[in-house]
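Colleague: One structure coming up, written as C-alpha cells, with questions to follow.
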Amino acid sequence: MLCAQKVDPKRAKAAYEQGLKLAESGKNNAALESLTTAILYEPTNVAAYRERARVYVAIKEYKKALADTNEAVRIAPQDCETFVLRGELQTAQGKTAQAVEEYEKAISLKCERAAVHNSLGAAYAKLGRHQKAIESYTHGIKLRLDNPEPYKERADSYLALGQYRDAIDDLDRAIALQPDRPELFVDRGYAHGQLGLFARGISDLDRAIALKPDNVRAYFLRAESHRFLNENDKAVADFTEALRLDPKDVNTWLARAHCYTQLGQPEKALADREEAVRVRPDKPQPWIARGGSYHMMGQHEKGIADRTKAIELDPKMPEGWFARGSAYYLLGQFELAQTDLRQAASLDPKSAEIQSVLRKTLDKLDEIAKAAAAPKPTPAPVVVAAAPAPPPAPVAEPVKVEPVKVVEAPKPPAPVIAAGKPAEPKPALTAKAILTGSAPALSAPAYNAKARELSQAGQYPDAIEVFDKAISLDPKFSQAYNGRGYAYFRMKKFKEAVADYSAAIKLNPKYANAYQNRAAALNAMGDKAAAKEDQAKAKTLLK
C-alpha cells in the first residue's frame, strides 16, 4: 500500500485509466486498488473518487461509496456528475426520495443528459408521482429521440394515471423503434382493452404471444378481453394456458372460475375456487369467491363459513363483510345481515352497492317489526253445547276506557244477476292446448309470444314447454332463450336460468335485458362479483 506519496498527475492518470478498464471487465478488487493508487498520487482527483465510489456501489459497500462521493463534493461542489452518481447510490439502497434530490441537484448544475432525466423520471414513478415522472421522461426524450425505453417508461406512467390514449401513442413510437419487444405489445394490448377496444387489444396480444409464447401476462390479458366480449370459451382456453405456465397465480384461477359461472358450469367454477384457496389460503378473496360457489349450489353453511374465514383474515376489508351480509340477506336472516352490512358500510362509506343492500335489509326489518306490532283480528266466538257454568272467578274492577268511534266499512254492492243463460267459462291456456291445438303449426315468434303469455300468467312449467318449441324451430332465437330463462328464474331454478341467459347473450352480445336478468340470477345464487359485472355491462349497453 502506497503512503505519503508525492503528487504525480501523470501516474494518477495512468492508474485511473487502468482502474476504469478493470472495472469494465468486472475485476472490481483490482479496480479498487488502481483507483486508490490514482487518489494517492493525486488526492484532489474527483474522477478517481467518483469511479471508486461506483465500484463500491457495484459490490454493495454503500458506506464507502458515500464517503467517496462526499469527498468528491467537498473537492468540487459544482461537479454535477458526482450528484448523478449519488442518485444511483441512493437508488441502489432503495432510498428513492433521496435519489430524486440528488438527480434534481445534478440537473440544476446543468447536467443535461437524457439518461439523467430518465433516471429522475424512474425515481418519481417509483414514488407514485407519475405526473412529475412524465415531465422528466419528456425532457429525456427531447434530448434523445431514438431510445425506445423512455417512451415505454412514460407510457407506464400514463397507464398508471389512466391516460390510455397517451400511453398508446408512446407505445406506438416505442414499437416503431423496437418492433420485436413483446412487452410493448402487451402494454398496448392492455391499454386498448381499458378503452374497450378489445379486438385491437387481442391483435396486440396475439403479436406478443407470437414473439414470446410463454408470456403469461399476454395470455391473461387476452383471456380478459375475450371475457368482456362474452367469448367465455376462448377466455377459458387462454386462462388455462396461463395456468399451465403459472399454476400459482390465484387471480387466474378466480378469473377462470368466473368464466365457468357465466357458462353455467358451477361445478367447474367451484373446483377452480377451491384451488385458489389451496394456492393462497392467506388471502381473503379466494374464500369470498368459494363462498359464492357454495351459495350458488345451495350449500349455505359452507358459504357462510368461507365468508367468515375471509373476515378473520382481513377484518378491515369491506368485501368480506359485504359478501357475508348479502348472503344473510338472501337467506332471510336480516338481523345478521344488518350487522355485517353496517360494518361493510363503515369500512367503505362511498360504496353505493353496500348502501343499497343495507337499505333493503333495513326495509325488511321494518316490515317485520310493523307486522309484529299490527293488532291481530279477534277470532269469532265458537258456540258449544251448554255446560254447567263454574262459579264466577273474582273480577277486578274494570278500567274505564274512552269509547272509540268505529267507522263502518261501506257495504259491497249487491251482485248483478245477468239475464239469460250464464256465459261458458273461458278454457285456461295450457302448453298442451297450444302445442296440439294450433293448426296450422305456429312460427317460432308466435310460439314465443304464447309462451310469454303463459309466463305472465304464472304458468311457468307450461311456458318452458312452449319456449322449448320456439327454440327447436329457431335455435338462434335469443329472445326465446331469455324468456325461458325468466321462467326458470321464477321457479328458482337459477342454474338453468343462467345457462339460458348466457345462451341469449352468446347469440346477441348486445342484449342488455339478458345481462340484467343474468345478473339477477347470479345474485340469487350468491355470486355477487359476477352479478356486478353483468349489471355494469347492461348499464353500458343501455347508454
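Colleague: Considering only residues of the stretch 45-68 that are closer than 14 Å to Phe83 by Cβ and free of Cβ contacts under 8 Å to residues at least 24 places away in the same chain, which is nearest to the chain's Cα centre (by Cα)?
Modeller: Leu66
Colleague: Could you check how many residues of the stretch 104-144 are crowded, with 20+ Cβ neighbours inside 10 Å, hydroxyl-bearing (Ser, Thr, Tyr) and more than 21 Å from Val73 (Cα to Cα)?
Modeller: Result for the stretch 104-144: 3.
Colleague: Being over 35 Å from the mean Cα position of the chain (by Cα), among the small types (Gly, Ala, Ser) and surrounded by 16 or more Cβ atoms within 10 Å (Cβ to Cβ) is the filter here; which residues of the stretch 465-479 pass it?
Modeller: Ala470
Colleague: Criterion first (closer than 22 Å to Glu533 by Cβ and assigned to a helix (DSSP H, G or I)) does His226 satisfy it? Working first, answer last.
Modeller: Details: closer than 22 Å to Glu533 by Cβ: yes; assigned to a helix (DSSP H, G or I): yes.
Criteria met by His226.
Colleague: Right, next: With Arg244, Arg273, Arg307 as the choices, which residue is part of a helix (DSSP H, G or I) and either more than 22 Å from Ser326 (Cα to Cα) or β-branched (Val, Ile, Thr) (or both)? Walk me through how you get there before you give the answer.
Modeller: Details: Arg273 fails: either more than 22 Å from Ser326 (Cα to Cα) or β-branched (Val, Ile, Thr) (or both); Arg307 fails: either more than 22 Å from Ser326 (Cα to Cα) or β-branched (Val, Ile, Thr) (or both).
On inspection, the qualifying residue turns out to be Arg244.
Colleague: Something else now. Among the helices (runs of 4 or more DSSP H) contained in the stretch 318-381, which hold 3 or more residues that are surrounded by fewer than 17 Cβ atoms within 10 Å (Cβ to Cβ), among the basic types (Lys, Arg) and free of Cβ contacts under 8 Å to residues at least 40 places away in the same chain?
Modeller: 352-373
Colleague: Can I ask one more? Scan the helices (runs of 4 or more DSSP H) fully inside the stretch 433-529 and keep the ones with 2 or more residues being of a type in the set (Lys, Arg).
Modeller: Those helices (runs of 4 or more DSSP H) span 444-456, 478-490, 494-507.
Colleague: Among the candidates Ala499, Ala431, Ala524, which residue alone is surrounded by fewer than 23 Cβ atoms within 10 Å (Cβ to Cβ) and at pLDDT below 85?
Modeller: It is Ala431.
Colleague: Taking Lys60 and the conditions (1) within 28 Å of Ala125 (Cβ to Cβ); (2) among the basic types (Lys, Arg); (3) in a helix (DSSP H, G or I), which numbered condition does it fall short on, given that it satisfies the others?
Modeller: Tallying (1) within 28 Å of Ala125 (Cβ to Cβ); (2) among the basic types (Lys, Arg); (3) in a helix (DSSP H, G or I), Lys60 fails exactly one: (3).
Colleague: Which condition from (1) assigned to a helix (DSSP H, G or I); (2) under 30 Å from Thr44 (Cα atoms); (3) among the charged types (D, E, K, R) is the one that Lys110 breaks?
Modeller: Exception for Lys110: condition (1).
Colleague: Could you please give the count of residues in the stretch 254-272 that are closer than 17 Å to Thr240 by Cβ and either small (Gly, Ala, Ser) or touching an Asp or Glu at 6+ places or on another chain (Cβ under 9 Å) (or both)?
Modeller: Filtering the stretch 254-272 down to residues closer than 17 Å to Thr240 by Cβ leaves 254-263, 265, 267-272.
Of the ones still in play, those that are also either small (Gly, Ala, Ser) or touching an Asp or Glu at 6+ places or on another chain (Cβ under 9 Å) (or both) are 254-263, 269, 271.
Counting residues in the stretch 254-272 that are closer than 17 Å to Thr240 by Cβ and either small (Gly, Ala, Ser) or touching an Asp or Glu at 6+ places or on another chain (Cβ under 9 Å) (or both) gives 12.
Colleague: Only one of (1) modelled with pLDDT of 95 or more; (2) on the phi > 0 side of the Ramachandran plot fails for Gly162. Which number is that?
Modeller: Of the numbered conditions (1) modelled with pLDDT of 95 or more; (2) on the phi > 0 side of the Ramachandran plot, the odd one out for Gly162 is (1).
Colleague: Name the helices (runs of 4 or more DSSP H) wholly within the stretch 133-199 that hold at least 1 residues that are among the polar types (S, T, N, Q)?
Modeller: By residue number, 148-160, 182-194.
Colleague: I need every pair where a residue in the stretch 490-502 that is farther than 16 Å from Ala512 by Cα has its Cβ under 6 Å from the Cβ of a residue that is part of a helix (DSSP H, G or I), sequence separation at least 6 or different chains.
Modeller: Arg490/Tyr460; Met491/Tyr460; Phe494/Ala521; Phe494/Ala524; Phe494/Met525; Glu496/Tyr488
Colleague: Specify which of the listed residues (Ala237, Ala310) is more than 27 Å from Lys493 (Cα to Cα), touching a helix residue (DSSP H, G or I) at 6+ places or on another chain (Cβ under 7 Å) and among the aliphatic types (A, V, I, L, M).
Modeller: Just one listed residue meets the conditions, Ala310.
Colleague: Test Gly292 against the criterion of being touching a Leu at 6+ places or on another chain (Cβ under 7 Å), small (Gly, Ala, Ser) and assigned to a helix (DSSP H, G or I), and give yes or no.
Modeller: Spelling it out, it is not the case that Gly292 is touching a Leu at 6+ places or on another chain (Cβ under 7 Å), small (Gly, Ala, Ser) and assigned to a helix (DSSP H, G or I).
Colleague: Given the conditions (1) within 28 Å of Thr361 (Cβ to Cβ); (2) polar (S, T, N, Q); (3) surrounded by fewer than 23 Cβ atoms within 10 Å (Cβ to Cβ), which single one is not true for Ser293?
Modeller: Among (1) within 28 Å of Thr361 (Cβ to Cβ); (2) polar (S, T, N, Q); (3) surrounded by fewer than 23 Cβ atoms within 10 Å (Cβ to Cβ), Ser293 violates only (3).
Colleague: Can I ask one more? Cβ contacts < 9 Å: first residue closer than 18 Å to Pro213 by Cα and without any contact (Cβ under 8 Å) to a residue 60 or more places away in the chain, restricted to the stretch 163-184; second residue in a loop (DSSP other than H, G, I, E, B) and aliphatic (A, V, I, L, M), any location; separation 6+ or different chain. Result?
Modeller: Taking only residues 6 or more apart or on different chains, not a single pair turns up.
Colleague: Taking the stretch 75-103 as the search range and keeping residues that are charged (D, E, K, R) and assigned to a helix (DSSP H, G or I), which one is surrounded by the most Cβ atoms within 10 Å (Cβ to Cβ)?
Modeller: Arg86
Colleague: Could you list all residues from the stretch 52-74 that are among the charged types (D, E, K, R) and surrounded by 23 or more Cβ atoms within 10 Å (Cβ to Cβ)?
Modeller: Step one: filter the stretch 52-74 for residues among the charged types (D, E, K, R), giving 52, 54, 60-61, 63-64, 68, 71, 74.
Within the stretch 52-74, Arg52, Asp68 meet the criteria.
Colleague: Moving on to the next point. Among the numbered conditions (1) closer than 29 Å to Ala524 by Cα; (2) out of contact with any helix residue (DSSP H, G or I) (no Cβ under 7 Å at 6 or more places or on another chain), tell me where Leu197 comes up short.
Modeller: Answer for Leu197: the failing condition is (1).
Colleague: Just the residues that are more than 35 Å from the chain's Cα centre (by Cα) and part of a helix (DSSP H, G or I), please, taken from the stretch 113-123. It would help to see each step written out before you state the result.
Modeller: First, pick out the residues of the stretch 113-123 that are more than 35 Å from the chain's Cα centre (by Cα): 113-116.
Within the stretch 113-123, Ala114, Ala115, Val116 meet the criteria.
The values are calculated or read from the model by the stated rules, or taken from the named source; none is laboratory data. Keep in mind the model is a prediction, meaning the values are calculated, not measured. Positions of Cβ are generated from backbone atoms using ideal geometry, with glycine treated the same way; all protein chains shown enter the neighbour counts.
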